[in-house]
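Let me begin by presenting the structure, written as structure tokens, before commenting on it.
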Amino acid sequence: MRKIIAAVLAAVILLFSLSGCRISDERAVNAFTGLEEPPYDYAKAAYTVAVAARCNMTAAFLETVLGKDVTKELVAEIENGTYTDEIWLEKAGFSYNVMKDLLNGTINAENISYFGDNGKDTFTVSLVGDILFDPDFNPMYHASVKGGVLNCIDDETVNYLRTSDIFLINNEFTYGKRGTPLSGKTWTFQADPLTVNLLKDMGADIVSLANNHVYDYGEIGFKDTMAVLDEAGIPYVGAGMNLGEAAEGYYFIINGCKVGIVAASRAEKVSFTPVADYDKAGVMGTYNSENFLKAIEFAKSQCDYLIAYVHWGTENSTKLETAQIEMAREYIDAGVDAVIGGHTHCLQGMEFYNGKPIVYSVGNFWFNSKNLDSCVITIELDRKLNSEISILPLKQQHCETRLLTGEEARDLYDRVENFEPQGVTILDDGTITPAVKTENE
């Protein structure tokens, strides 16, 4: 009988070979006898992946999350000596950092928002400058006359921000009804806690508290501000009850990629706002960059693309401080992929350093009655983490913010190009590219 079976198997293999098909002896046996393919050894694969990817990989994760085909491809890359952490995006559809969060269960951490897949080839991160909801100042009075804050910002701009996948705004005031204004400080701001919903109406996904007004009403006002944001479900960066909290980044997972944001301030020439320390509440400071650089290095180890949002510079001046230029480079050397600044109430210049964009100040968004250039800075990333940065030109005037088009937009681009360090060229569609240097420059 064995001889008969062997002869039949040989005939089957010969038949496949003559027909131009390749089939292994194992497959021939399985096809003839009806036996299923042996189960894949996920335990062995998990060990291989764990060593190469420096993680506690499990067989269950490979089987339920990746599946056999992807796991085999991953193992093949490792065995061929071509594995890199970047291969996860290509093979699995999510990055190495997202894999770690899925594997360890940290994807549900308090400082991570999971936005899933937007169904597009790219996603966007938009950032703007200062906003003010204090009822005792001109913007909110004007809004009461106009029928609401959103009637003071044109529909095109609001819709643009709402459709951005991630939108950050600088919360340049406190929320609450307690505390007293800091003695000796000229401008102190406090808004009704209910106005936090205006951030949601605009589509804000996160705010920065690393500024010189978050402590305007003392520690009580500072705590109330964070509590109001927490209750509203709006994440914040750049402040906390100690250095660890203030330094902590916030992360968004979208399209399989993980974007991180950290924030810090060096805005005050006279100190009113405390800088957080190990046992002291306050903002994340970058007057001395040492602690912020540590925060950057850690945050970059957790994400694929890292943005530093920094409150700095001289108010109402396009002239850059030496510290801005030097520290922006330090941040990028430490792992930041884009530096976006604010605080000056006016736009400042831009440049690229080692291929990474530096926007020194985005100016006001909706903050006072002055006639000022403003903007939205948008970073667009594809599923391979290739990025492009652009500017949406705005004008803040008479307590309203509106979109600029045509010649007005081009004029704003030209002004920004000519601000020091004259490091960018802005195309007519708002795309920001490194400046083209002439031979004499």
Of (1) touching a Gly at 6+ places or on another chain (Cβ under 6 Å); (2) in a loop (DSSP other than H, G, I, E, B); (3) surrounded by fewer than 24 Cβ atoms within 10 Å (Cβ to Cβ), residue 344 fails just (3)
Only residues in segment 357-373 that are assigned to a loop (DSSP other than H, G, I, E, B) count as the first member; pair them with residues that are among the hydroxyl-bearing types (Ser, Thr, Tyr), Cβ under 7 angstrom, at least 6 apart or cross-chain, and list the lot.
-> 361/344; 363/344; 363/374
Of all residues in segment 229-269, count the ones that are β-branched (Val, Ile, Thr) and surrounded by fewer than 20 Cβ atoms within 10 Å (Cβ to Cβ).
-> 1
Mind listing just one residue for me: the one in segment 401-441 that is of a type in the set (D, E, K, R) and modelled with pLDDT under 95 and, of those, farthest from the chain's Cα centre (by Cα)?
-> 439
Is it fair to say residue 394 is in a loop (DSSP other than H, G, I, E, B) and hydrophobic (A, V, I, L, M, F, W, C)?
-> no
Considering only residues that are among the aromatic types (Phe, Trp, Tyr) and touching an Asp or Glu at 6+ places or on another chain (Cβ under 7 Å), look in segment 94-148 and name the one that is surrounded by the fewest Cβ atoms within 10 Å (Cβ to Cβ).
-> 115
Restricting attention to strands (runs of 3 or more DSSP E) lying wholly within segment 93-205, give those where 3 or more residues are assigned by TED's automatic domain parsing to the domain that holds residue 255 and β-branched (Val, Ile, Thr).
-> 122-131
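The values are calculated or read from the model by the stated rules, or taken from the named source; none is laboratory data. Bear in mind that the values here come from a model prediction, so they are computed numbers and not experimental data. Using ideal geometry, Cβ is built from the backbone for each residue, glycine included, and neighbour counts are taken over all protein chains shown.
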